[in-house]
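Structure first, commentary second.
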Amino acid sequence: MTYARNVWYVAGWEMDLAVDTPMAITILNQPLVIWRDGAGDVHALEDRCVHRHAPLSLGRCEGANLRCMYHGLLFGPDGVVSEIPGQEKIPPQARVRAYPVMVRHSWIWVWMGDPSLADVALIPPAVGYDDGDYILGHGQLDYDAPARLINDNLLDFSHLTYVHAASFQAGPVFAQSLPVIEPLARGVRISRWTQNTPAQRARSAPELYDNYMCYDFLLPGVLLMWSASYAVGTAVALDFGVPDKGAALTGLNHTSQAVTPMSDGTARYFFNWGPHRAHGDVAMRDGMMALAAQAFAEDKVMIEAQAKVIARDPSRPIMPTAHDRAVTLFNRLVERMVAQEA
Amino acid sequence: MTYARNVWYVAGWEMDLAVDTPMAITILNQPLVIWRDGAGDVHALEDRCVHRHAPLSLGRCEGANLRCMYHGLLFGPDGVVSEIPGQEKIPPQARVRAYPVMVRHSWIWVWMGDPSLADVALIPPAVGYDDGDYILGHGQLDYDAPARLINDNLLDFSHLTYVHAASFQAGPVFAQSLPVIEPLARGVRISRWTQNTPAQRARSAPELYDNYMCYDFLLPGVLLMWSASYAVGTAVALDFGVPDKGAALTGLNHTSQAVTPMSDGTARYFFNWGPHRAHGDVAMRDGMMALAAQAFAEDKVMIEAQAKVIARDPSRPIMPTAHDRAVTLFNRLVERMVAQEA
Amino acid sequence: MTYARNVWYVAGWEMDLAVDTPMAITILNQPLVIWRDGAGDVHALEDRCVHRHAPLSLGRCEGANLRCMYHGLLFGPDGVVSEIPGQEKIPPQARVRAYPVMVRHSWIWVWMGDPSLADVALIPPAVGYDDGDYILGHGQLDYDAPARLINDNLLDFSHLTYVHAASFQAGPVFAQSLPVIEPLARGVRISRWTQNTPAQRARSAPELYDNYMCYDFLLPGVLLMWSASYAVGTAVALDFGVPDKGAALTGLNHTSQAVTPMSDGTARYFFNWGPHRAHGDVAMRDGMMALAAQAFAEDKVMIEAQAKVIARDPSRPIMPTAHDRAVTLFNRLVERMVAQEA
């Protein structure tokens, strides 16, 4: 499985990165060290000293610099060595690769490809703690499975009926109907009206709504979703078009999720979720996060089991179904991008 | 190490397979899902959904069918998909391999080769709970070692003197003498008279017997053994031939054992053991099972250590000894069969 | 990474080898069984029975012999089989490789190369419990890292300033200056005067000394070091030459350390340490061993992390620094020897 490089990958939650405390993460098989200096700037280098390949993530922050704690070489945020203990001259090859890194929407984003192409405008418009409209909780989960299998899972919500029968309780009708799928320049938009049904997180309540959900799944593997409940009749009145968030009667909420390939067979899954300030409170947010913890553990069991089956014989072809349309569109986009980069 | 495919392998104890509860087992590197439906019928399919390779063993039983709980495809006991949520048409490739499966002598047997050759008559005549003559206990043990090494162990009982010095206590004379070995159409028969010695499980008692033991080791790796104690002189009177079970004075017992190759380097070992109803009771059975637990743990330590040594350099040749005659006969039988199947 | 074979490798502490208790160790990917018989003689054989490759380290000592406890073959200390249960004739191939083995300076040494070249004079002059001058403690540590990375670490003490900032507390000046390095026939000698500073293990005391340390790092990976404190002015008076141990004012101590490659990626590190009888006591020895435990755990964290980084991409070149001179000298010596042996 291949992944695009000229994209921003989520490397962590920015509030989890303490000052002067190097963090190690591997993305696309590249070990990285990321740190925040005393001035608040965040830096990312290859996590391998140029001298004898000790990991710089075991190093010590000194101002904006990072010192390898094996034999003391001092690296600038640009990856250039400025000090070699016991030696006057610094040879030109005394440097490691530096990665463009940005903090946006509560996430640390790293550009894994050609640095000259790193464009902040390509960071997906996730909703983080900097957005005052939503009351969010957040978490992350490590997978012993390729990132691509998690993407596939997120691109086909028909699994809600089966994998999440005990948590999200989507019901069999959900899997029998297809959502609306629209290609985007950098991903896929998936939306669906469910008419005249209970609200999403109040299935046993007597009130009925027209429920709307919509998510963009964007390069390299970022899901941005909102959903809300509207008066019965809204779907027809809008000719099944996009409703106005402000017109929602109840249940308006947002989730941002990101899948980061670590190695070929491992991935880290980042997610936040919570209600709009006008539609819920901290208690509702906590209930949603508890539901997410249950549901995402269900996904992990299924996807890691699937990964083991595939690893046993990767040559076996899949048999796509009608629900795989968004999966196929998105993976083609990735493959086109990978081909262009090559 | 290669194994025959056109044979019945033991996949489990039938009393351990609850209704509507799929069980996963890998045999010959093939992941299988086995389940028993509400009507009591047992089925075996390849444990890999044809859609995106999720394991069907995480699925849900629905009547005689099994539903994949990733995206809801419904499989019949023949492996054919009858329902794809969100899609009307079922393509002809929507099927997985079904395996012939039989319940006999308390074991679930799966035919791993050409289904058209699956012949119930080829199931070895093991003694299970359906046989009222014996009071049996049963168990199983997983090995980090190739099945073939366990077969080899069971085909050469001279190891009783060494591996089981503390449990079966066979003594050095046992290893110095050779048993009678007779080739069978589908295995080897190994028998031995030990004259004028204490009974097998009463070594410190004063009474002496002529003790007889006999086992067939049958394709693909099934050991069926009985032993008993006779009046001193019986061996000579019978010219060392086969005694009548009914004439045994004491100690008549039976054990059935099966070795199933899971992957190249792992195996599952199934066993039962117990006295004939006229020669013992439940307390004796429990004592025998405790002894078996001790002895089979001794085998496991030795065979797994042996497997590690071999894995380090599989090219090194073995040096067979006189005790290896049955091992050689049986392995040649397997190799001939594998060659015919190819 | 390659290693010389015609050398003595440390296989263990001789006082840890109980009589009639076989010990398993792998050296240079060769599994060995080492045992001490009732007469006190120590033997080393390949740890693989010639019959079916069971490990002889699960065997039973019988006089000077070792019996395989799988099927009872009896091996002499020369590796020749003298008994095969159930069989009269012993074929000539019934033997395993025997390794020259010596006990010296508290260590068991095994010669891994051509036995005809095994020369006791090549055993490095370590200091063990047989040397009455030093009060020693000892220990060992297993590494998930190639032995060569541990050798490299021991050949460049500039890491004391960084890896051991919290334990040995060498300070930044230590890493900025280079030691004296002298090639030896079978290794490298590394020495250093540090003038007018506190004694090595009394950094906060007011007294100042000229401190001397010197170690030989010898094939295949043995470090023999002593250090001591002298009156200020001694370094200049000796023109920075080698001082007399007897003239030390305080702090005279000795450590012997050995690095043994087990497999390509694992090693065992043996070490002792302690003060000269005239410069310390058991309490001081215990304090030094506690410091060593802390410091060697720091090394292990760094070197195992380094090994993981290298394993991810072994093709990346290192960038030697001025402090690598001894590393380079020693590794060239090993490579020359490996080339000669090939």
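The values are calculated or read from the model by the stated rules, or taken from the named source; none is laboratory data. Values in this document were obtained by computation on a predicted structure and should not be read as measured data. Note that each Cβ is placed from the backbone with ideal geometry, even for glycine, and that neighbours are counted across all protein chains shown. The protein model used for the area step is the full one, side chains on, heavy atoms only, and it has no ligands, DNA or RNA in it. Shrake-Rupley method; radii C 1.70, N 1.55, O 1.52, S 1.80 Å.
Side notes on the structure shown:
- Any hit, region C:84-91, residues being within 29 Å of the chain's Cα centre (by Cα) and touching a residue at least 12 places away in the same chain (Cβ under 8 Å): no
- Taken over region C:129-149, the residue count meeting the criterion of being in a loop (DSSP other than H, G, I, E, B) and either within 12 Å of chain A (Cβ to nearest Cβ) or buried (at least 17 other Cβ atoms within 10 Å of the Cβ) (or both) is 4.
- Yes/no for residue B:259 being facing chain C (nearest Cβ under 10 Å) and buried (at least 19 other Cβ atoms within 10 Å of the Cβ): no
- The sole residue among C:274, C:246 that is open to solvent by 40 Å² or more (accessible area, probe 1.4 Å) and out of contact with any Cys (no Cβ under 7 Å at 6 or more places or on another chain) is C:246.
- Any pair with Cβ under 8 angstrom, 6 or more apart, that starts in region A:312-327 at a residue that is closer than 19 Å to residue B:96 by Cβ and without any contact (Cβ under 8 Å) to a residue 24 or more places away in the chain and ends at one that is open to solvent by 40 Å² or more (accessible area, probe 1.4 Å) and among the β-branched types (Val, Ile, Thr): A:320/A:328
- Filtered residue count, region B:82-98, keeping only those that are in contact with a Leu (Cβ under 6 Å, 6 or more places away or on another chain) and under 22 Å from residue A:307 (Cβ atoms): 1
- Restricting attention to region C:111-128 and to residues that are surrounded by 20 or more Cβ atoms within 10 Å (Cβ to Cβ) and not aliphatic (A, V, I, L, M), the residue that is farthest from residue C:216 (Cα to Cα) turns out to be C:111.
- Selection from region C:67-86 of residues that are of a type in the set (A, V, I, L, M) and open to solvent by 10 Å² or more (accessible area, probe 1.4 Å): C:69, C:74, C:80
- Members of region A:157-172 that are within 8 Å of chain B (Cβ to nearest Cβ) and either open to solvent by 30 Å² or more (accessible area, probe 1.4 Å) or not in a loop (DSSP other than H, G, I, E, B) (or both): A:158, A:159, A:161, A:165, A:172
- Across region C:2-18, the number of residues qualifying as open to solvent by 10 Å² or more (accessible area, probe 1.4 Å) and of a type in the set (Gly, Ala, Ser) comes to 1.
- Residues in region A:87-108 that are open to solvent by 10 Å² or more (accessible area, probe 1.4 Å) and in a strand (DSSP E or B) were compared, and the one that is nearest to the other protein chains (Cβ to nearest Cβ) is A:87.
- Output for region B:9-50, where each listed residue is part of a loop (DSSP other than H, G, I, E, B), in contact (Cβ under 8 Å) with a residue 40 or more places away in the chain and closer than 30 Å to residue A:322 by Cβ: B:20, B:22, B:37, B:48, B:49, B:50
- Filter pass, residue B:340 being closer than 22 Å to residue B:186 by Cβ, polar (S, T, N, Q) and either at the interface with another protein chain (Cβ under 10 Å from one of its Cβ atoms) or without any contact (Cβ under 8 Å) to a residue 12 or more places away in the chain (or both): yes
- Counted residues, region C:160-195 - those being farther than 30 Å from residue C:334 by Cα and either in contact with a Phe, Trp or Tyr (Cβ under 8 Å, 6 or more places away or on another chain) or of a type in the set (Val, Ile, Thr) (or both): 2
- Hey, residue B:206 out of contact with any strand residue (DSSP E or B) (no Cβ under 9 Å at 6 or more places or on another chain), within 20 Å of residue C:87 (Cβ to Cβ) and surrounded by fewer than 17 Cβ atoms within 10 Å (Cβ to Cβ) or not: no
- Candidate set: region B:27-86, residues that are basic (Lys, Arg) and within 13 Å of another protein chain (Cβ to nearest Cβ); chosen: the one farthest from residue B:97 (Cα to Cα): B:60
- Of all residues making up region A:54-86, the number that are assigned to a loop (DSSP other than H, G, I, E, B) and among the hydrophobic types (A, V, I, L, M, F, W, C): 5
- Just one of (1) assigned to a helix (DSSP H, G or I); (2) more than 10 Å from chain A (Cβ to nearest Cβ) fails for residue C:152. It is (2).
- Residue C:185 meets all of the listed conditions (1) out of contact with any Pro (no Cβ under 6 Å at 6 or more places or on another chain); (2) away from every other protein chain (no Cβ under 14 Å); (3) touching a residue at least 40 places away in the same chain (Cβ under 8 Å) but one, namely (3).
Residue-by-condition table, conditions (1) open to solvent by 50 Å² or more (accessible area, probe 1.4 Å); (2) within 12 Å of chain B (Cβ to nearest Cβ); (3) within 24 Å of the chain's Cα centre (by Cα):
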{"residue": "A:291", "(1), (2), (3)": "no, no, yes"}
{"residue": "A:301", "(1), (2), (3)": "yes, yes, yes"}
{"residue": "A:308", "(1), (2), (3)": "yes, yes, yes"}
{"residue": "A:311", "(1), (2), (3)": "yes, yes, yes"}
{"residue": "A:324", "(1), (2), (3)": "no, yes, yes"}
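- Pairs where the first residue, in region A:228-243, is assigned by TED's automatic domain parsing to the domain that holds residue A:275 and the second is small (Gly, Ala, Ser) and assigned to a loop (DSSP other than H, G, I, E, B), C-beta under 8 Å, 6+ apart: A:228/A:248; A:229/A:199; A:229/A:248; A:230/A:248
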